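Contents: one structure, followed by commentary.
The values are calculated or read from the model by the stated rules, or taken from the named source; none is laboratory data. All values derive from a computational prediction rather than experimental measurement. So basically every Cβ, Gly included, is an ideal-geometry build from the backbone, and we count neighbours across all protein chains shown.
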Amino acid sequence: MSEDSSALLSRLRQLQCHFTWDLKLDVDLETLSSRLQIDIDFHRSPRNGGSCFYSLLAYVRYLQDQREEALSLLNQSEETIRESYGDESERRLIVTYGDMAWLKYHDGDFERSKNYCQRVEDILVKYPTGSSGRFLPEVYGEQGWAYFKVSRSSISKAIDCFRKALEVQTQDVEWNTGYAVALFCTEKEDEESEAIKQLRFALEINPNNAALQCMLAVKLAAYKKYEEADDLVEKARENDPDNPHVIRSSGNYLRNRKKLDEAIVVFKQGLDSGTQLSSFNYQLAMCYKDKKIAEQCRPFSNTEEVRKLRRCCISHLEESVTIKPSFFLALADLALLYAEEGDMSRAEEAFQQCLEKLPELKEKLCQIIHQYYGDFYLYHKKNEAQAIAHYTKGLLIPLKKYHWRQCAKSLKKIAKRRLDNNPGDGEALALLDRVAEAEAAEFNEDALNYDEDNEE
């Protein structure tokens, strides 16, 4: 490396942009690029976050080795910021210019790279932060959106960035929106809700943001404030009915409220609008699945109605997997429904596709697949040994939530039935002991969470 290029690289490393933030993606690039394109298409105003997504999508395109499109997106980023912010544009362009400097460097255009480095340095001289370790709020805000979008594991970093931006620009629509969304995604229901306060404040300064209205509705429903929540969802659907985020959020809200027919209407409208998202088909399938289960639980269920609802469910799951072949949650649901239909070969084939990818999947999804495969063996193949094997694998995954409890419940059910027939069944007793140990570990973990200073 020449002395000149070495000096340039040193300057580039000082820039604050997507190339220097060490972004650790936990989603595949194609999925991330699709999400960002939706964000760009449906943010009615760059002041709602849209201006940040051009440069992040440009970085994704660079990672995909699509440098011409990356360059085009950065040019769009600059154009959009200048149109939206006018005299305030310079501070908002720091990240875009930093990305452009890195892109030109990787293209071997060192002169243009130096030019963009100089532009950033000139802006920072014009708008000093007072500390070498402190950034402008515009940089913190864009960094916050980047961390939020690329990985769930970095949302805490996003929250910290938005807070730092808001220390200086307390009324900024974009940073308040980002902060509210990030809190919404991380906050547990048993906490005093900082997210509700932030969502309310973000809506005060941006009252027609339909996505925020849906998020606030979900939070309020968790505290059984259904009247206000229902009203917010209705307003959100009026404000931005074609926005995929609003369709997904409002549809899921209605499904959780057991308003299945209304939820089905919302998701179908989403598909009719031409937005062929695998998640819309999946959620439609889940609505039909809920209706099917409700029908099966009736004292005199209609067998034909159950079959019709199952077919609707299968149809939408097949479409979901066609759109996104890596949607293994949908594939696992589909496998169980094939089994219900009596098509064991297709069910087995679908489960095998899931099992082949287990080493690459997140623990939560692995746990779900093992629970479903256990159900398949227990209820459809009448193979108790294989069912036990998969329930046990699900039990050993340290995520103590719904599917873990279902694995534990199924193992206890098998063990107790066997003990009713043979009180001395050693394997059944061992099963109960294994579940008891796992449940004791869960209770100890809960105790530590609630009383971490207690030595006992």
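Has the stretch 232-242 got any residue that is small (Gly, Ala, Ser) and within 18 Å of the chain's Cα centre (by Cα)?
no
Evaluation of LEU232 against the conditions (1) among the aliphatic types (A, V, I, L, M); (2) within 19 Å of LYS289 (Cα to Cα); (3) crowded, with 22+ Cβ neighbours inside 10 Å shows that the sole unmet condition is (2).
If you go through the stretch 75-101 and keep only what is of a type in the set (A, V, I, L, M) and within 21 Å of ASP22 (Cα to Cα), you end up with LEU93, ILE94, VAL95, MET100, ALA101.
The residues of the stretch 225-252 that are among the β-branched types (Val, Ile, Thr) and at pLDDT 95 or above amount to a single one, VAL233.
Might you check whether a residue that is of a type in the set (A, V, I, L, M, F, W, C), modelled with pLDDT under 95, touching a helix residue (DSSP H, G or I) at 6+ places or on another chain (Cβ under 8 Å) and closer than 22 Å to LYS393 by Cα occurs anywhere in the stretch 338-353?
From the stretch 338-353, those of a type in the set (A, V, I, L, M, F, W, C) are 339, 344, 347, 350-351; that's our starting set.
Cutting the leftovers down to modelled with pLDDT under 95 gives us none.
No - not one qualifying residue is present in the stretch 338-353.
Look at (1) in contact with a helix residue (DSSP H, G or I) (Cβ under 8 Å, 6 or more places away or on another chain); (2) at pLDDT below 95 and you find that ALA158 fails only one, number (2). So for the stretch 289-301 (the condition being part of a helix (DSSP H, G or I), outside the structural domain of TRP404 (by TED's automatic domain parsing) and more than 30 Å from the chain's Cα centre (by Cα)), does at least one residue qualify? Yes: the stretch 289-301 contains one or more residues that are part of a helix (DSSP H, G or I), outside the structural domain of TRP404 (by TED's automatic domain parsing) and more than 30 Å from the chain's Cα centre (by Cα).
The residue list ARG255, ARG307 contains one member that is surrounded by fewer than 21 Cβ atoms within 10 Å (Cβ to Cβ), outside the structural domain of ASP41 (by TED's automatic domain parsing), within 21 Å of the chain's Cα centre (by Cα) and at pLDDT 95 or above, which is ARG255. Can you find, within the stretch 380-395, the residue that is farthest from the chain's Cα centre (by Cα) among those that are part of a helix (DSSP H, G or I), without any contact (Cβ under 8 Å) to a residue 24 or more places away in the chain and surrounded by fewer than 18 Cβ atoms within 10 Å (Cβ to Cβ)? Restricting to residues being part of a helix (DSSP H, G or I), without any contact (Cβ under 8 Å) to a residue 24 or more places away in the chain and surrounded by fewer than 18 Cβ atoms within 10 Å (Cβ to Cβ), the top hit is ALA385. In the stretch 68-78, is there at least one residue being touching a residue at least 60 places away in the same chain (Cβ under 8 Å), of a type in the set (Asp, Glu), buried (at least 18 other Cβ atoms within 10 Å of the Cβ) and under 26 Å from ARG35 (Cα atoms)? Looking through the stretch 68-78, none of the residues is touching a residue at least 60 places away in the same chain (Cβ under 8 Å), of a type in the set (Asp, Glu), buried (at least 18 other Cβ atoms within 10 Å of the Cβ) and under 26 Å from ARG35 (Cα atoms). Note on the stretch 97-144: among residues that are aliphatic (A, V, I, L, M) and not in a loop (DSSP other than H, G, I, E, B), the one that is farthest from the chain's Cα centre (by Cα) is VAL125. Taking each residue of the stretch 107-126 that is surrounded by 14 or more Cβ atoms within 10 Å (Cβ to Cβ) and looking for partners that are in a loop (DSSP other than H, G, I, E, B) with beta-carbon atoms closer than 8 Å, six or more apart or interchain, yields CYS117/LEU15; ARG119/LEU93; VAL120/LEU15; ILE123/LEU93; LEU124/LEU136.
Of all residues in the stretch 406-425, those that are surrounded by 12 or more Cβ atoms within 10 Å (Cβ to Cβ) have Cβ atoms under 9 Å from Cβ atoms of residues that are outside any helix (DSSP H, G or I) and of a type in the set (Asp, Glu), 6 or more apart or on another chain, in ALA415/ASP425; ARG418/ASP425; LEU419/ASP425.
Residues checked against (1) without any contact (Cβ under 8 Å) to a residue 40 or more places away in the chain; (2) within 14 Å of SER55 (Cα to Cα); (3) part of a helix (DSSP H, G or I); (4) in contact with a Leu (Cβ under 7 Å, 6 or more places away or on another chain):
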residue: SER5; (1), (2), (3), (4): no, no, yes, no
residue: LEU8; (1), (2), (3), (4): no, no, yes, no
residue: ARG11; (1), (2), (3), (4): no, no, yes, no
residue: LEU15; (1), (2), (3), (4): no, no, no, no
residue: PHE19; (1), (2), (3), (4): no, yes, no, no
residue: GLU30; (1), (2), (3), (4): yes, no, yes, no
residue: SER33; (1), (2), (3), (4): yes, yes, yes, yes
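On the basis of being in contact (Cβ under 8 Å) with a residue 12 or more places away in the chain, over 18 Å from ARG35 (Cα atoms) and among the charged types (D, E, K, R), does ARG200 make the cut?
So ARG200 fits the description; yes.
Within the stretch 89-108, at least one residue is of a type in the set (Gly, Ala, Ser) and more than 24 Å from PHE148 (Cα to Cα). Comparison of LEU260, LEU254, LEU271 shows that the only residue that is within 23 Å of VAL181 (Cα to Cα) and hydrophobic (A, V, I, L, M, F, W, C) is LEU254.
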